[in-house]
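Here the structure comes first, spelled out in structure tokens, and everything after it is commentary.
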Amino acid sequence: MGDDTLEGRSPPPAHDDGHFDERVAARYDVSAAEMFEPAVVDPVVDFLAGLAGQGPALELGIGTGRIALPLAERGVPVHGIELSRAMAARLRAKPGGEAIDVTIGDFSTARVPGAFALAYVVFNTIENLTTQAAQVSCFRNVAAHLEPGGYFVVEVEIPAAQWLAPGETMRVFEAGETHWGIDEVDVVRQGLVSHHFEQVDGRFERMSMPFRYAWPAELDLMAQLAGMTLRERWGGWRREPFTSVSRQHVSVWQKNTIRALPSEGTVRLSFPDGGLRLDDLVVRLPRPGDEDAVAAAFADEELREAGNLPVLSRDELAEALPHIGALVESGRLAPLVVADASTGEILGGGTLHHLDAERSVLEIGYWLYPHARGRGIATRLARALAEHAFSIGVQRVAAYVNVGNLGSERVLERAGFTREGVVRSLPKPDGRRVDKTLFSLLPGE
Ligand SMILES: C[S@@+](CC[C@H](N)C(=O)[O-])C[C@H]1O[C@@H](n2cnc3c(N)ncnc32)[C@H](O)[C@@H]1O
């Protein structure tokens, strides 16, 4: 990094309370004092109360209750989802706070009982979700909470990139006596780090927070994916027109009353960064440098056939390995390797793939080099992949084996799977279609 960037020193590590930990929570209402002014809050509450009717309303990232408390005072029952216990504690301690239920969790996935007339996320908080997958999941999660015809309102800034010349990365958004704010934009990743320098007890403290920005059109597409349709877009809470120079937008999507597709799915494909330890084995995502150890499997016809692997050269593998994280996030595929925990030697691999998030169904696959077979490794691997799938919310794990592959059938049976029958004409990576035997495992089996 050059001297003109702050990126190398940001963002700070996140912990259980996310970026709004005790230190931030303790000062939140003071640091954001102007956002608590009636002139700012009243139009927001008027707008939301108008859409909520009798309610109830769900606030994502409810914080210390800046909007939820006055909205509840208007007679709209409000429930919140909040990552930070420290922020939620501030809300509970305020008059009226005890009337607002807060679910501690991530608003892109956390579920709250009930059907809501309105869900809303204000003050750029949607951008706290730093990946596209998490933002898409958030829209789906909102749709799952709304009653048909219910509204989702987002207040978010227009990306700072709008005001940058090509190649520029920094934009000062505030330069006051006691607070300086600088946005650092990464146009390639749609990433943003907001750096705040704030005077506390006579000295300036630095706080940096990561965001992912999205243009209004991308948010509309996320809404569409979740079964919602844009109804209103304004430049502010007083229904100011949204124009080419608007700094923010307030957008209202409505949950479709007749949905073409169900939108309840919120399962997201993931695998622990440090891998899973199975006594003497470790199952992990492959990383740059693994290409030599796995290339033989992709070059071997028998392994490719049994493991459903595509033809990939060592160089193609080396090119793909730095992008495994993005592949997993896309929900399409989590390729895995299984290695000897003490030597690190790669013995085989596996996959989590074809996630059907709406139905919470996931497929697994596995393969082993010949010298690693006969030791029960494949059985333990299949079982571990299924158990990991259940831990992320999957309700049915499927595994398909080529008809006649008795070894692989035995592996699945020993791992507790149930044979369901033959499924006809499934595609292989090379385009052929073959019949396969379907096995499945359900939670608790
Ligand atoms: C900028 S504050 C806004 C708080 C409040 N809505 C307001 O307008 O004052 C963002 C809040 O969202 C919470 N938050 C951020 N990401 C979250 C996530 N993924 N799930 C739940 N809460 C989250 C933070 O902990 C913080 O309390």
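When residue 90 is tested against the conditions (1) among the charged types (D, E, K, R); (2) more than 7 Å from the ligand (Cβ to nearest atom); (3) within 17 Å of the chain's Cα centre (by Cα), the lone failure is (3).
Looking only at the stretch 320-357, residues that are touching a helix residue (DSSP H, G or I) at 6+ places or on another chain (Cβ under 6 Å) and acidic (Asp, Glu) come to 1 in all. Buried (at least 19 other Cβ atoms within 10 Å of the Cβ), outside any helix (DSSP H, G or I) and in contact with a strand residue (DSSP E or B) (Cβ under 6 Å, 6 or more places away or on another chain), is that true of residue 72? When the stated conditions are applied, residue 72 does not pass them. Restricting attention to the stretch 38-47, the residues being within 12 Å of the ligand (Cβ to nearest atom) and more than 17 Å from residue 156 (Cβ to Cβ) number 2. Scanning the stretch 48-69 for residues that are more than 14 Å from residue 20 (Cβ to Cβ), out of contact with any Phe, Trp or Tyr (no Cβ under 9 Å at 6 or more places or on another chain) and within 11 Å of the ligand (Cβ to nearest atom) returns 68, 69.
Taking residue 181, is it farther than 16 Å from residue 123 by Cα and either in contact (Cβ under 8 Å) with a residue 60 or more places away in the chain or not charged (D, E, K, R) (or both)? Walk me through it before giving the result.
Working: farther than 16 Å from residue 123 by Cα: no; either in contact (Cβ under 8 Å) with a residue 60 or more places away in the chain or not charged (D, E, K, R) (or both): yes.
Criteria not met by residue 181.
Exactly one residue out of 243, 257 is polar (S, T, N, Q), surrounded by fewer than 18 Cβ atoms within 10 Å (Cβ to Cβ), at pLDDT 95 or above and more than 28 Å from residue 341 (Cα to Cα): that is 243.
For first residues located in the stretch 197-208 and without any contact (Cβ under 8 Å) to a residue 24 or more places away in the chain, partners that are small (Gly, Ala, Ser) and lie 6+ apart or on another chain with Cβ distances below 9 Å form the pairs 197/181; 206/10. Test residue 106 against the stated conditions and say whether it is over 17 Å from the mean Cα position of the chain (by Cα) and charged (D, E, K, R). No, not satisfied.
Is the stretch 395-404 home to any residue that is at pLDDT below 95, loosely packed, with under 12 Cβ neighbours inside 10 Å and more than 26 Å from residue 267 (Cβ to Cβ)? Yes: one or more hits.
Scoring residue 444 on the criteria (1) at positive phi; (2) assigned to a loop (DSSP other than H, G, I, E, B); (3) over 32 Å from the mean Cα position of the chain (by Cα) leaves a single failure, condition (3).
Anything in the stretch 69-108 that is of a type in the set (A, V, I, L, M, F, W, C) and over 17 Å from residue 142 (Cα atoms)? List them, or say none. Spell out the reasoning first.
Taking the stretch 69-108 and keeping what is of a type in the set (A, V, I, L, M, F, W, C), we get 69, 71-72, 76, 78, 81, 83, 86-89, 91, 93, 99-100, 102, 104, 107.
Selection gives 69, 71, 72, 76, 86, 87, 88, 89, 91, 93, 99, 100.
The set of residues in the stretch 191-225 that are small (Gly, Ala, Ser) and surrounded by fewer than 19 Cβ atoms within 10 Å (Cβ to Cβ) comprises 191, 202, 208, 217.
List the residue pairs whose Cβ atoms are under 6 Å apart, where the first residue sits in the stretch 105-120 and is in the same structural domain as residue 146 (by TED's automatic domain parsing), the second is of a type in the set (Phe, Trp, Tyr) and away from the ligand (no atom under 12 Å from the Cβ), and the two are 6 or more positions apart or on different chains. Once the first residue is in the same structural domain as residue 146 (by TED's automatic domain parsing) and sits in the stretch 105-120, its partners that are of a type in the set (Phe, Trp, Tyr) and away from the ligand (no atom under 12 Å from the Cβ) give 118/151; 119/152.
The values are calculated or read from the model by the stated rules, or taken from the named source; none is laboratory data. In this text the structure is predicted, and so the values were computed from the model without any measurement. Heads up, the Cβs are rebuilt from the backbone with ideal geometry, glycines too, and the neighbour counts pull from every protein chain shown.
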